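Input: a single structure, listed below in structure tokens.
The values are calculated or read from the model by the stated rules, or taken from the named source; none is laboratory data. Just so it is clear, the model here is predicted, and its values are computed rather than measured. Cβ sites come from the backbone with ideal geometry, for glycine too, and all protein chains shown count toward neighbours. In case anyone asks, the SASA skips ligands and DNA or RNA and just uses the protein heavy atoms, side chains included. Shrake-Rupley method; radii C 1.70, N 1.55, O 1.52, S 1.80 Å.
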Amino acid sequence: MAKDLGITILLDVYGQLLTEKQRFAIDMYYNEDLSLAEIADEIDISRQGIRDSIKQGEKHLAEYERQLGVVKRFRNISSYLEELNSLLDMAEFQEKEQAKRILDEIAKEI
């Protein structure tokens, strides 16, 4: 099974919507870098059971993102903020300082 590290971001955002078993299996597989066999030994179920939990959880995470788009919106906002920050580097000092304070406040809210 090839690891899609974007799953870790989806798990951070939507993990609480998964079953405890799915969340645990995905966390151990992606964040702790354990093999399917190691995870199976940890919770005493089959390797295939772990694989199925991970695949089902990944499917749910992708569907949550498709429907809600939280990660996509966060990435878009981050991109806009980076672009705005680049433009501010070219602005006059006074406007630059005021805009940077506003950007800092926005960043705290994200």
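Observations
- Number of residues in region 1-49 that are among the β-branched types (Val, Ile, Thr) and under 17 Å from the mean Cα position of the chain (by Cα): the value is 5.
- Tally, over region 86-110, of residues that are closer than 30 Å to GLY15 by Cβ and either touching a helix residue (DSSP H, G or I) at 6+ places or on another chain (Cβ under 8 Å) or surrounded by 14 or more Cβ atoms within 10 Å (Cβ to Cβ) (or both): 4
- SER53 vs. criteria open to solvent by less than 60 Å² (accessible area, probe 1.4 Å), modelled with pLDDT of 95 or more and of a type in the set (S, T, N, Q): yes
- Filtered residue count, region 12-49, keeping only those that are surrounded by fewer than 17 Cβ atoms within 10 Å (Cβ to Cβ), of a type in the set (Asp, Glu) and within 30 Å of LYS72 (Cβ to Cβ): 4
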